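Reviewing the structure listed below.
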Amino acid sequence: MGNGSDELIDLIIKAFCEPQKDEILVMNPSFVMYSFYAKINDNKVNALELDENFQIDKEDFLQKIQNENLKVLFLCSPNNPTGNELVDLEFFIENFSGIVVLDEAYIEFSSRKSAISWLEKYPNLIVLQTLSKAYGMAGLRIGIGAASTEIATLMNTIKGPYNVNSLSQKIALRQLNDEKVFKENLEQILAEREFLKVQLNQLNFVKKIYTTEANFFLIKVENPIEIYEFLLAQNILTSLRHPQIENALRINVGSKEENQKLIETLKNYQ
C-alpha cells in the first residue's frame, strides 16, 4: 500500500532508476505524475506519442526501447485523460526488458479484467490500483501495488514507515467488505455514463466523444476554453485538456443530479 498511487510511482522510480543516468518511458498524453516524479528524482523522461486513436505505435515502441538506459515503462489503461483501453497490452510487457508499471486506476469501470492475474507470467510487471476512483475514497489516500514477492519486498524495504495511517486502513477495509454498496454505486456510475453519452451527442458544439472505459469522457468541442469558463461560472468544474489535446475537455461522470445540471447548463450555452 502507498499514500496514494503517487507514492508508489515515486517509490518505483527510486527503486529501479539511478538518478542522472536511468530513464523512464511514458505515453503522451497520459497521467502527468509519472513524468513529475521522474524529474523530481533526476531521471530523463522519454515519450511514446499516441496516435489519433490514443494507441501506442508498436514500431515507435520497438525503436525507443533500444535505449539501454530505459528502466521503467509506465502504461495507463484505461488511460487518463483519454479514457480508452490500450490494445495488445501483453505485447508491450513481453517486449520491455525493464520494469513495466500498468496503472489500473480506472479498471473497475472497464470491460477488461485486471492484469493482476498476469503477475506469475510476467515477473517484471507491477499493477497499480487505487481506492480513489470507483470506491470513492480519494480522501483516504490509499494506492495499491501488486507485484512479485521480490518486487513487493523491495518496495516495502524502501518506503517510509507509517505512510498509510491506521484510520484510513480501517475505513478502507470496512468499505471493501461492503460489496453490495460498491456494486450498486458502480452500476449507477455506468448507467450515468451511458446517459451522459446520449445527452452529449445531442449538443451541436460537441464534435466528437472519444471512446471511454473510465468514469469520464474526453470530448472535442469548438471553443474549449470558453465552454470551460462558462461551466466554471456555474460551479461546474471540468478539466481543460487544450492545447495538449486539441479542442478537448474532460468531463467526469457525476451523480444523477450533477449530470442533469451539467446537461441543462450546456444546453443554455447553445
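The values are calculated or read from the model by the stated rules, or taken from the named source; none is laboratory data. Quick caveat, the model's predicted, so the values are computed rather than measured. Positions of Cβ are generated from backbone atoms using ideal geometry, with glycine treated the same way; all protein chains shown enter the neighbour counts. Accessible surface is based on the protein model in full, side chains and every heavy atom, while ligands, DNA and RNA are left aside. Shrake-Rupley method; radii C 1.70, N 1.55, O 1.52, S 1.80 Å.
Points to keep in mind about this one:
- Taken together, the residues in region 58-85 that are hydrophobic (A, V, I, L, M, F, W, C) and either touching a Ser or Thr at 6+ places or on another chain (Cβ under 8 Å) or surrounded by fewer than 17 Cβ atoms within 10 Å (Cβ to Cβ) (or both) amount to 4.
- Evaluation of residue 88 against the conditions (1) open to solvent by less than 50 Å² (accessible area, probe 1.4 Å); (2) closer than 21 Å to residue 112 by Cβ shows that the sole unmet condition is (1).
- Residue, surrounded by the most Cβ atoms within 10 Å (Cβ to Cβ), within region 1-57, restricted to residues that are in a loop (DSSP other than H, G, I, E, B) and acidic (Asp, Glu): 22
- Selection of helices (runs of 4 or more DSSP H) fully inside region 80-184 by the criterion of at least 1 residues being touching a residue at least 24 places away in the same chain (Cβ under 8 Å) and over 29 Å from residue 28 (Cβ atoms) returns 149-158, 166-176.
- Filter result for residue 25 (within 20 Å of the chain's Cα centre (by Cα), modelled with pLDDT of 95 or more and closer than 22 Å to residue 245 by Cβ): yes
- Region 92-119: number of residues that are touching a helix residue (DSSP H, G or I) at 6+ places or on another chain (Cβ under 8 Å), of a type in the set (A, V, I, L, M) and surrounded by 20 or more Cβ atoms within 10 Å (Cβ to Cβ): 6
- Index of the failed condition, residue 220 passing every other in (1) in a helix (DSSP H, G or I); (2) closer than 24 Å to residue 31 by Cα: (1)
- For region 227-252, residues that are open to solvent by less than 40 Å² (accessible area, probe 1.4 Å), among the hydrophobic types (A, V, I, L, M, F, W, C) and closer than 24 Å to residue 52 by Cβ total 5.
- Among the conditions (1) over 29 Å from residue 34 (Cβ atoms); (2) open to solvent by less than 80 Å² (accessible area, probe 1.4 Å); (3) over 22 Å from the mean Cα position of the chain (by Cα), the only one that residue 158 does not satisfy is (1).
- Residue in region 183-202 that is within 29 Å of residue 50 (Cα to Cα), of a type in the set (S, T, N, Q), surrounded by fewer than 16 Cβ atoms within 10 Å (Cβ to Cβ) and out of contact with any helix residue (DSSP H, G or I) (no Cβ under 8 Å at 6 or more places or on another chain) present: yes
- Of all the numbered requirements in (1) in contact (Cβ under 8 Å) with a residue 12 or more places away in the chain; (2) more than 18 Å from the chain's Cα centre (by Cα); (3) under 28 Å from residue 243 (Cα atoms), residue 59 misses one, and that requirement is (1).
- Residue within region 55-77 that is within 29 Å of residue 188 (Cβ to Cβ), in contact with an Asp or Glu (Cβ under 6 Å, 6 or more places away or on another chain) and modelled with pLDDT of 95 or more present: yes
- Residue 213 being surrounded by fewer than 17 Cβ atoms within 10 Å (Cβ to Cβ) and modelled with pLDDT of 95 or more: no
- Lone unmet requirement of (1) buried (at least 16 other Cβ atoms within 10 Å of the Cβ); (2) modelled with pLDDT under 95; (3) within 21 Å of the chain's Cα centre (by Cα) for residue 138: (1)
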